[in-house]
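Undergrad: Submitted below is the structure of interest, expressed as structure tokens.
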Amino acid sequence: MKKSAIVRILALTLIVFILLGVFGPTDRSRANGATSNASASFCPDGKALVMGTSPDYPPYENVDAKHGGDIVGLDIDIAKAITSKLGCKLEISAMDFNGLIAALQTHRVDFVMSGMSVTPERKENVDFSNPYYAARNTIVSKKKKPFATLQELEGGKVGVQLGSTQETAIAGLKNAKITKLNTISSLIQELKANRIDAAIVEDAVAIGYIEANADLAFTMIPSDDDAEGYAIAFPKGSSLVAPFNAELAELESSGEKQKMIDSWFGQHEGAKKGNQLNLDFSILNGYVGYIVKGTLVTLLFTLVSALLGFVWGSILSLFKISSVRPLQWFATVYTSVFRGTPLLLQLFIIYYATPQLFDYDIPALLAAGLAFGLNSAAYLSETIRGGIMAVDRGQREAAMALGIPYRTMMRSIILPQAVKNILPALVNECVALLKESSLVSVIGVQDLMRRANVVQASTFRAFEALLFAGAIYYCLVLILTSLAHLLERRLRRSD
């Protein structure tokens, strides 16, 4: 390929990524220095404070998928009240619970509210406000096999949310097999599938799941007098702690906080109590449109990742067949690193390390596109190189005998035939990208899988939303493979 053509393609790819960063669903215009300046002048010039949360924990925080997809809950109302009194705007960044502390430490968010309990271990890494609510743990189990005390779970199989204080609550259980998952809804599904005997869940959350699943029951665990309750977490040394504490005290004394608690702890919609079906798609009423919107994000992400992977993979393949040794070494090492490390690890490194290393708050969708595109390029470089080497060597020799320049030969003769030869492999890579795109949900990208998880948390039922998302993925793959077959037949006719 000509150098100018490569530059144009790379420029187009860069523009698409910039657009993703500016207009992507996870974009945030977080002001640099908001954390350090907030206590002195709070939020000058209308700048916003970014709150990190894991919206799968109703009634504290969950996505209101039926009414616009906003994140709502007790924690959200308290945060809005505090930031409003401080004269700040509030922006909410959604992610998995076990990524919240890391987001604070890398200053991706200014504070965290997500039903987070104060523990000595967490105090070593973040600062906390005064507690705003004290919850109790419960043992959620099958109604046919209830548990009255934690001691009865010794030697059994117990589930807890990863990174939660419930892990500490069961630390003393003898011979218990502990299952740690990212979300409460996943734990409940494990319980219903009889993979665990019980799940340790906070009381208000347990009530919602019990109302939605008539085959489940729960028992209160005696409270720990040393427990400090739920509090707001901040980066170490944050100047926001004092003003937030002052506003929390004001909400307490005015009775406004209690009104919020009363409002949210009386709301547990869930599924209908009388429904005993194992599969009930009626619970998706009002959620279908919300889930389908994630398809656009999934397709956009797949398209951009595939484009970046193909362009960069083509360049790497040319490096590998080049006579310039440094280019060969670079391409070989690059391929070895990206093929030898997990894709999820690469995603986390780009998303969490970029702010720490380059002081740039990279949007989640942009980080995901880079991680998947760079990873895909490593695999495609070998595929494209194989396609190039499969082209009859006589054509190269004929082109060289005719005096055709190398770049022109590669662009007009060799690469078109190579792409035709490897078309099935390219389609397989696109299909893999489409399915693997579900991984981006772990950093909060509102793709198809993330939205299915949100509905799963809102309805307190897992299978229906996941099965619906699976059907959409399957349809997308069928459409993609059908288009590829049409293109392949058309290319054959043109031979």
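Nothing in this text is a laboratory measurement; each read-out follows from the coordinates by a stated rule. Keep in mind it's a predicted model, so treat the numbers as computed, not measured. In this analysis, Cβ positions are derived from the backbone assuming ideal geometry, glycine residues included, and neighbour counts consider all displayed protein chains.
Undergrad: What number do you get for segment 263-412 when its Cα radius of gyration is normalised by 2.2 N^0.38 Å, N = residues? Spell out each step's value before the answer.
TA: On the way: Rg = 24.1 Å, N = 150, 2.2 N^0.38 = 14.8 Å.
The reported ratio for this selection is 1.63.
Undergrad: Would you list, by chain and number, the lysines whose Cα falls below 20 Å from the Cα of Lys89, excluding same-chain residues fewer than 8 positions away?
TA: The reachable lysines, counting only those whose Cα sits under 20 Å from Lys89, are Lys47, Lys80, Lys257.
Undergrad: Mind checking which lysines have their C-alpha under 17 Å from Lys157, skipping anything on the same chain fewer than 8 residues away?
TA: Qualifying lysines at Cα under 17 Å: Lys142, Lys143, Lys144, Lys145, Lys174, Lys177, Lys180, Lys192.
Undergrad: Between Gln395 and Glu124, how many nm apart are label points set 7 Å from Cα along the C-beta direction?
TA: Label at Gln395, label at Glu124, 6.2 nm between them.
Undergrad: Just to be sure I understand the curve: with the Debye formula and one point per C-alpha of segment 322-403, what is log10 I(q)/I(0) at q = 0.10 Å⁻¹?
TA: Rounded to two decimals, the profile gives -0.40.
Undergrad: OK, next. Pull up all non-local amide H partners of Glu202: gap of 5 or more, or a different chain, and H-to-H distance under 5 Å with H placed in the peptide plane.
TA: Sorted by chain and number, the residues that satisfy this are Thr138.
Undergrad: Could you tell me the calculated FRET efficiency between Leu467 and Ile178, based on Cβ-Cβ distance and R0 = 25 angstrom, to the nearest 0.05? It would help to have the intermediate numbers written out before the result.
TA: Working: r = 28 Å, r/R0 = 1.13.
So the FRET efficiency works out to roughly 0.35.
Undergrad: Could you check how many percent of all C-alpha pairs in segment 61-125 are farther apart than 21 Å?
TA: In whole percent, the share of Cα-Cα pairs in segment 61-125 beyond 21 Å is 30.
Undergrad: Cysteines without a disulfide-compatible partner in the chain, using Cβ under 4.7 Å as the rule?
TA: Isolated Cys, the chain: Cys430, Cys475.
Undergrad: Can you sort Cys88, Cys475 from fewest to most other Cβ atoms within 10 Å of each residue's own Cβ? Please list the in-between numbers first.
TA: Details: Cys88 21, Cys475 11.
In order of increasing Cβ crowding within 10 Å: Cys475, Cys88.
Undergrad: Can you work out the FRET efficiency for the pair Lys142 and Lys66, with r the C-beta to C-beta distance and R0 = 30 Å, to the nearest 0.05? Present the calculation step by step, with values, prior to reporting the outcome.
TA: On the way: r = 29 Å, r/R0 = 0.98.
My answer for the efficiency is 0.55.
Undergrad: Over segment 137-220, what lengths in whole Å, largest first, do the semi-axes of the equivalent ellipsoid take, defined as the square roots of 5 times the eigenvalues of the alpha-carbon gyration tensor? Don't skip to the answer; put the middle values down first.
TA: Values: eigenvalues 58, 38, 28 Å².
The equivalent ellipsoid of segment 137-220 has semi-axes of 17, 14, 12 Å.
Undergrad: Sticking with this one: With +1 on the Cβ of every Lys and Arg and -1 on the Cβ of every Asp and Glu, and nothing else charged, how large is the dipole of the chain about its Cα centre, in debye rounded to the nearest 20?
TA: On the way: 47 positive and 45 negative charges, 562 e Å.
In total the dipole reaches around 2700 debye.
Undergrad: Now, a different point. Ranked by Cβ crowding within 10 angstrom, fewest neighbours first, how are His107, His67, His485 ordered? Intermediate results must be reported in sequence, preceding the final value.
TA: Values: His107 20, His67 10, His485 13.
Arranged by neighbour count, lowest to highest, His107, His67, His485 become His67, His485, His107.
Undergrad: Subtracting the Cα-Cα distance from 0.36 nm times the residue separation, let me have the gained length for Ser263 to Asp280 in nm, one decimal. Present the calculation step by step, with values, prior to reporting the outcome.
TA: Working: separation 17, 0.36 × 17 = 6.12 nm, distance 2.84 nm.
3.3 nm is the gain from fully extending Ser263 to Asp280.
Undergrad: Same structure again: Out of every Cα pair in segment 38-166, what percent are spaced more than 27 Å from each other?
TA: Values: 2447 of 8256 pairs.
The answer is 30 percent, as a whole percent.
Undergrad: I would also like to ask the following. In the calculated pair distance distribution of the chain, what percentage of Cα-Cα distances lie above 32 Å?
TA: Values: 61147 of 122265 pairs.
I get 50 percent for the Cα pairs in the chain exceeding 32 Å.
Undergrad: Around Ser186, what is the net charge, scoring Lys/Arg as +1 and Asp/Glu as -1 over all other residues with Cβ under 14 Å from its Cβ? Each step should come with its number before you reach the end.
TA: On the way: positive: Lys180, Lys192, Arg195, Arg450, Arg461; negative: Asp56, Asp96, Glu190.
Result for the local shell: +2.
Undergrad: May I ask what percent, to the nearest 5, of DSSP beta bridges between residues of the chain are antiparallel? Walk me through the numbers on the way to the answer.
TA: Numbers: 21 of 36 bridges.
Beta bridges within the chain, antiparallel portion: roughly 60 percent.
Undergrad: Hey, which lysines would be in cross-link range of Lys420, C-alpha to C-alpha under 30 Å, not counting anything within fewer than 8 residues on its own chain?
TA: The reachable lysines, counting only those whose Cα sits under 30 Å from Lys420, are Lys2, Lys3, Lys320, Lys435.
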